[in-house]
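Values in this text are rule-based calculations from the coordinates and carry no lab data. Just so you know, these numbers come straight off a predicted model, no measurement behind them. Here Cβ is always computed from backbone atoms with ideal geometry, including for glycine, and neighbour counts include all displayed protein chains.
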Amino acid sequence: MHGGHAADVLLVSLGSTEGLRRADDELRDSLCRAGARVIVARPPPQESPPTLMLTDLAWARAARTASRAMLAQQHDSPPRAVIYSSTTAALLWERPGAIRFDATAAGNRPGRHGLWQRPLERRRLREAPLLLPWSEGALREAPAHARAGDRALVLPVPVEPSGPTGPSVVGGGRDIAALTYAANPAKKGLDRVLAAWRQLRGEQSAGGRAPGAFDELLVAGASAQQLERSGLLAAGEPGVRVVGALGAQEYRALLRRTRVFVCAPRREDYGIAQLEALADGCQLVTTNAPGPYVALPIARELDPRLVGEDLAGALRTALRNPLTGYAARARRALEPFARASLDLLVAERLLPRLLA
């Protein structure tokens, strides 16, 4: 397949979040399993400027620097194709290529937050030979010219169980009541999750009962110091334990012990954390959220009682009265996100178009 080229595909991986890094690693591995030779350009972590405009500029410049260096190394035998992972990675591209994205600046950078990104993004989406949205919802948020024609191929991020899921949530045996992911506390709605959790514990105390099912909420993805500085959490608050940023294996091991994954996003660009929780046997309690939130319709179908603005009520229901067979139905609902499904898409539809 290499045809004299040192590599078939250069993947420019922004890697600004753990979810993006894992998604890019999955795509790289799938391309390799399809027989392609892949090289990855991934910039180092960037500082967090005070505004989203500056944040995107910093990451776009870092992506250009990383891709430029990789292309220079391959100067005598350049890769046949380039995939930019996110529209941000493509904004200042060194060479045109396919763009893979979970969301567009048109969708998640409203108003002043995307003043310079949105017009340049429209240009890049028009120039790209191939568009690879994570979901149909992400494509719907893209400009009309991006949706026209046949340049788009929806390429989901694979999500599978991380190991044996242990006892069912109905039968007991899971020793963690609830877990939430708060790498971006404001966007993930951690304030609303904590308010709902405190309400449940308050109800228990007012009734003269021990916390019982509401014994502990785990908060992953942010440190206790960060949350205390933001005023979201007091040091040593009972019933809440901050576990911080964890490696993928440690984090998924916690999910396999957890009864309920709870979140209240103000916007959701995809929802990898929610899909991983479902794959590992958790019930999903979530508010409705704008954006291409692929886990939301799945959650509604599995148990509509657990989806809505009454987060405390949904948590109460999930912990006290879970539906039998929830985890098994969740696994069936996630079959389109299996790694084998991505491999088939990559081998039969992506590579032939990418390398044509």
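Values for this structure:
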read-out: Residue exposure sequence - L302, L190, L71 - by fewest surrounding Cβ within 10 Å; value: L71, L302, L190
read-out: Packing-based order for 10-20, 38-48, using average beta carbon neighbours within 10 Å, highest first; value: 10-20, 38-48
read-out: Positive dipole terminus of the chain, leading residue within A220, W197, G271 (C-beta point charges); value: G271
read-out: Stokes-Einstein D (µm²/s) once Rh is taken as the Kirkwood radius of region 1-132 over alpha-carbon pairs, at 37 °C in 0.692 mPa s; value: 219
read-out: Simple spin-label estimate for R320 and S223 in nanometres, 7 Å along Cα-Cβ; value: 3.9
read-out: Calculated log₁₀ intensity ratio I(q)/I(0) where the Debye formula runs over C-alpha points of region 176-336, q = 0.13, 0.18 Å⁻¹; value: -0.55, -1.11
read-out: Projected area, mean over directions - the chain, Cα convex hull, nm²; value: 17.9
read-out: Residue-by-residue Karplus 3J(HN,Hα) for region 24-36, coefficients 6.51, -1.76, 1.60, Hz, glycine and proline x; value: 5, 5, 5, 5, 4, 5, 5, 4, 5, 5, 7, x, 8
read-out: Max mean-square fluctuation residue, GNM over the chain, Cα-Cα springs under 10 Å, options C282, C263, C32; value: C32
read-out: About the Cα centre, charge dipole magnitude for the chain (Lys/Arg +1, Asp/Glu -1 at Cβ), debye; value: 500
read-out: Those trypsin sites (Lys or Arg not before Pro) in region 91-147 that DSSP places in a loop and that have at most 15 other beta carbons within 10 Å; value: none
read-out: Of A182, G236, T87, farthest towards positive along the dipole that unit charges on Lys, Arg, Asp, Glu beta carbons give the chain; value: T87
read-out: Neighbour cut-off at most 13 other Cβ (10 Å), DSSP loop, GluC sites (Glu not before Pro), region 251-356; value: E309
read-out: Label-to-label distance, nm, for residues given as R37 and A340 (7 Å Cα→Cβ offset); value: 3.1
read-out: Sequence of S86, S341 once ranked by neighbouring C-beta atoms within 10 Å, starting from the fewest; value: S341, S86
read-out: C-alpha center-to-center spacing [region 11-32, region 82-109] in angstrom; value: 13
read-out: The chain: calculated mean residue ellipticity at 222 nm from DSSP helix runs of at least 4, using -39500 (n - 2.57); value: -11500 deg cm²/dmol
read-out: Potential extension, E47-A69 segment - 0.36 nm per residue separation minus Cα distance; value: 5.9 nm
read-out: Extreme residue, positive dipole direction of the chain, given options L130, A318, V285 (C-beta unit charges); value: L130
read-out: Angle between the chain longest axis and helix 190-206 axis [Cα atoms, degrees, rounded to 10]; value: 10
